[in-house]
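The structure under discussion appears below in the form of structure tokens.
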Amino acid sequence: MSYTNFTTNIETSAIEAINIDRAQALARTGVDITPLAPIGAVVRGLDLASEASPPEDILRMLELEMAQRGFIAFKSPRPLSVDDFLSASCWWGGRELHSTHGVHPATPQGNPHVFRLSNDPRHGIPGVGPQWHNDGSFNDTTFSHSGYHMVRPAEQGGGTWFAHQGAAYEALPKPRQEFWRRLSSVNSTSGAVHPAVHTHPLSGQQGLWLHLGMTGAVIEKQANEQAFRLLDADELRQLCHEYNDILNAGLENGYSVAYEYEANDCVFIDNLAVAHRAAPQAHLSAEQQGLRIMHRSTVRGVSPLAPDYGLPQYLDISDRSPFGEGVWQFGGIGFRWDDSIPMQN
Ligand SMILES: [Fe+2]
């Protein structure tokens, strides 16, 4: 079901080209950064397996590019160790790991900071993240960045989709932008409240933000009065479809990408700039697709993704709604907006 038609080709100003001064400064240190189309960038010449972390100015330049273009992919000619991957994860954002996930028995040394994913349950946790989301929506700060280390890509493919949330916001019709700016989502497990439109702390870009597998309620600040209401089931279903549609439309309109990994790829995303989801092929069986093993890391957020309009950072979603009637769904995947699709955190 599609509620909105986003067929226009977007001339977006939200996705900036690689900054030339930064690219030249990086090149002088032997680091090459090349744009991926339409979002993201590839970085070569920086060895994630080296002992020392790169100088601060190099990390800052790469972090800014990540904020603008959504993600950077490091190409490595040789396998990376778990420690290499986790050390490099700490180059960004809050500069330390913040791990809240389960640990699969096949995780190397049972490292609690590795979220091991696979399409074979003997090798990793299957079926994770099948719908658009950002990681850590149950935290006030969310995660600043996430890392993906492709240990073993499946022969038949199955990567990750990334969507630029600033460009997705720009693609919305103006009346819908105004509506979205009045909304805040409530996480279904922790009750964390986040604005549906926020300003990125590094790029200054306004972007959409919603979790399609862990949202228990959406609160609307009513337009002409100091009052709040909950979206009802029809409205929330429409909102989730609209979000899904507009991020999917970026695959055609130049602000989303279906990224396919090569072995040893290490991708870091700015978790406030891009939404992501597993490609449908990523969850096909190992017999069908080939074995896929990926390690994910998550980095502590820097500052709260705080709601507007005086709303608190947390609401008790396990208790009764303070806003009257509407969807107020505690636990698990939250509000189920489409019965025909897989949902799993
Ligand atoms: Fe995720």
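Side notes on the structure shown:
- Annotation note: Cβ proximity below 7 Å between a residue of the range 259-281 that is modelled with pLDDT under 95 and a residue that is hydroxyl-bearing (Ser, Thr, Tyr) and in a loop (DSSP other than H, G, I, E, B) (sequence gap 6+ or interchain) occurs for 264/76.
- Scan of the range 277-296 for residues that are within 16 Å of the ligand (Cβ to nearest atom) and either of a type in the set (S, T, N, Q) or under 19 Å from residue 98 (Cα atoms) (or both), ordered by number: 294, 295, 296
- Considering the range 141-174, and only residues there that are in a loop (DSSP other than H, G, I, E, B) and over 15 Å from the mean Cα position of the chain (by Cα), the residue that is nearest to the ligand (Cβ to nearest atom) turns out to be 158.
- Here is the figure for the range 121-140: residues that are within 21 Å of residue 155 (Cβ to Cβ), crowded, with 16+ Cβ neighbours inside 10 Å and either away from the ligand (no atom under 16 Å from the Cβ) or charged (D, E, K, R) (or both) total 1.
- Options 48, 86; residue that is part of a helix (DSSP H, G or I), surrounded by 16 or more Cβ atoms within 10 Å (Cβ to Cβ) and more than 16 Å from the ligand (Cβ to nearest atom): 86
- Any hit, the range 273-281, residues being touching a Pro at 6+ places or on another chain (Cβ under 6 Å) and outside any loop (DSSP other than H, G, I, E, B): yes
- Residue match in the range 242-259 (condition: surrounded by 18 or more Cβ atoms within 10 Å (Cβ to Cβ), away from the ligand (no atom under 16 Å from the Cβ) and of a type in the set (A, V, I, L, M, F, W, C)): yes
- Every pair of residues 6+ apart whose Cβ atoms lie under 6 Å, when the first sits in the range 1-28 and is closer than 16 Å to residue 250 by Cα and at pLDDT 90 or above while the second is of a type in the set (A, V, I, L, M, F, W, C) and crowded, with 18+ Cβ neighbours inside 10 Å: 15/39; 15/167
- Residue check for residue 335: under 18 Å from residue 211 (Cα atoms) and in contact with a strand residue (DSSP E or B) (Cβ under 9 Å, 6 or more places away or on another chain): yes
- Out of 274, 299, 267, one residue alone is in contact with a Lys or Arg (Cβ under 8 Å, 6 or more places away or on another chain), of a type in the set (Val, Ile, Thr) and within 16 Å of the ligand (Cβ to nearest atom). It is 299.
The values are calculated or read from the model by the stated rules, or taken from the named source; none is laboratory data. Remember, it's a predicted structure, so these values are computed and weren't measured experimentally. Here Cβ is always computed from backbone atoms with ideal geometry, including for glycine, and neighbour counts include all displayed protein chains.
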